[in-house]
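The values are calculated or read from the model by the stated rules, or taken from the named source; none is laboratory data. In this text the structure is predicted, and so the values were computed from the model without any measurement. Glycine also receives a Cβ, built like all others from the backbone with ideal geometry; neighbour counts cover every protein chain displayed.
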Amino acid sequence: MHLALLAILFLATAFAYAAVGFGGGSTYNALLVLSGMDYRVIPAIALSCNILVVAGGVYHYHAQGHLAWRQLLPYVVLSVPMAWLGGRVPVDERTFVGLLGLILLLSAVLMLAQGADRPPQSRRYALSDWQIGLPAGAGIGLLAGLVGIGGGIFLAPLLYLCSRVPPRRIAALASGFILVNSLSGLAGQLMKQGADAVGGPWLEAWPLFLAVVIGGQAGSRLGSSRLPENRVRQLTAVLVLYVGLRLLARWLELGA
């Protein structure tokens, strides 16, 4: 896949994901796999893109008054060390591609299942932030570090189903969660691969970093104030579903 086309796809991905508080790491990973890049350096590049996108999202959501830092704490207490640990775990190519494909399919299903916004009192479960945050943060953090994503794409549907948090605050919490986990996961990836091994491909990916900054800033500006969340979520889910299916097809090819 040509780098210019990849940059365009990264820009569109960053815009769509940032509009609902996500970084897009799962799709960056998938696009890089499909481009033929060495899978061992892919998570570091995807996590770097995540950081650039959600840093803007955190700023805009905080400026709009949607991000409560104390509310984020229960979700990151265990997720940060687990993301670092996941980033340190060696993974072979077929396992990486297959796991990423399954993650994308599950993410798409969860995003589509969210449906229209519902009033808080209609939600079935009412658990405290610590009851949800500690176990969810640990599991999501480990998985996020393992495959090079921020994990917010799993946290947001969970909060929607199990808490009374309004949709825009969920997007804000997802942005903060992704930022800290991406930083931790990137540290683990660099320690596993070595800065020298990642440095060359990372520097060559600068057009992708520029693309996600532009797309992420535009998406988070709109998503934090005006853009209808449900429509963007549905369109993003369709993209994630398509790429997930492509990756699972690639997984089957690697096993042939």
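Considering region 148-169, the residues that are surrounded by 24 or more Cβ atoms within 10 Å (Cβ to Cβ) and assigned to a helix (DSSP H, G or I) include one that is farthest from the chain's Cα centre (by Cα), namely 159. The residues on offer are 106, 102, and the sole one that is surrounded by fewer than 20 Cβ atoms within 10 Å (Cβ to Cβ), free of Cβ contacts under 8 Å to residues at least 60 places away in the same chain and part of a helix (DSSP H, G or I) is 106.
Quick one: which residue in 34, 67 is more than 19 Å from residue 100 (Cα to Cα), touching a residue at least 12 places away in the same chain (Cβ under 8 Å) and among the hydrophobic types (A, V, I, L, M, F, W, C)?
Step by step, each of 34, 67 is checked, and only 67 is more than 19 Å from residue 100 (Cα to Cα), touching a residue at least 12 places away in the same chain (Cβ under 8 Å) and among the hydrophobic types (A, V, I, L, M, F, W, C).
Which one of these is at pLDDT below 85 and out of contact with any helix residue (DSSP H, G or I) (no Cβ under 8 Å at 6 or more places or on another chain): 120, 135?
Values: 135 fails: at pLDDT below 85.
120 is the lone residue from the list that is at pLDDT below 85 and out of contact with any helix residue (DSSP H, G or I) (no Cβ under 8 Å at 6 or more places or on another chain).
Under 28 Å from residue 250 (Cβ atoms), assigned to a helix (DSSP H, G or I) and out of contact with any helix residue (DSSP H, G or I) (no Cβ under 6 Å at 6 or more places or on another chain): does that describe residue 5?
Details: under 28 Å from residue 250 (Cβ atoms): yes; assigned to a helix (DSSP H, G or I): yes; out of contact with any helix residue (DSSP H, G or I) (no Cβ under 6 Å at 6 or more places or on another chain): yes.
Yes.
Check residue 30 against each of (1) over 16 Å from the mean Cα position of the chain (by Cα); (2) in a helix (DSSP H, G or I); (3) surrounded by 18 or more Cβ atoms within 10 Å (Cβ to Cβ) and name the one condition it does not meet. Unmet for residue 30, out of (1) over 16 Å from the mean Cα position of the chain (by Cα); (2) in a helix (DSSP H, G or I); (3) surrounded by 18 or more Cβ atoms within 10 Å (Cβ to Cβ): (1). Those residues that are at pLDDT 90 or above and small (Gly, Ala, Ser), I need them from region 5-60; list them, please. If the condition is that a residue be at pLDDT 90 or above and small (Gly, Ala, Ser), then 7, 12, 14, 46, 48, 55 are the ones that fit.
In the set (1) over 14 Å from residue 141 (Cα atoms); (2) within 19 Å of the chain's Cα centre (by Cα); (3) surrounded by fewer than 19 Cβ atoms within 10 Å (Cβ to Cβ), residue 172 fails one condition alone, (3). Residue count for region 167-183, restricted to those that are in contact with a helix residue (DSSP H, G or I) (Cβ under 7 Å, 6 or more places away or on another chain) and within 16 Å of residue 64 (Cβ to Cβ): 8. In region 235-256, the residues that are in contact (Cβ under 8 Å) with a residue 60 or more places away in the chain form Cβ pairs under 9 Å with partners that are among the β-branched types (Val, Ile, Thr) and not in a helix (DSSP H, G or I), at six or more places apart or across chains, as follows: 236/20. When 233, 221 are screened for being under 15 Å from the mean Cα position of the chain (by Cα) and at pLDDT below 85, only 233 passes.
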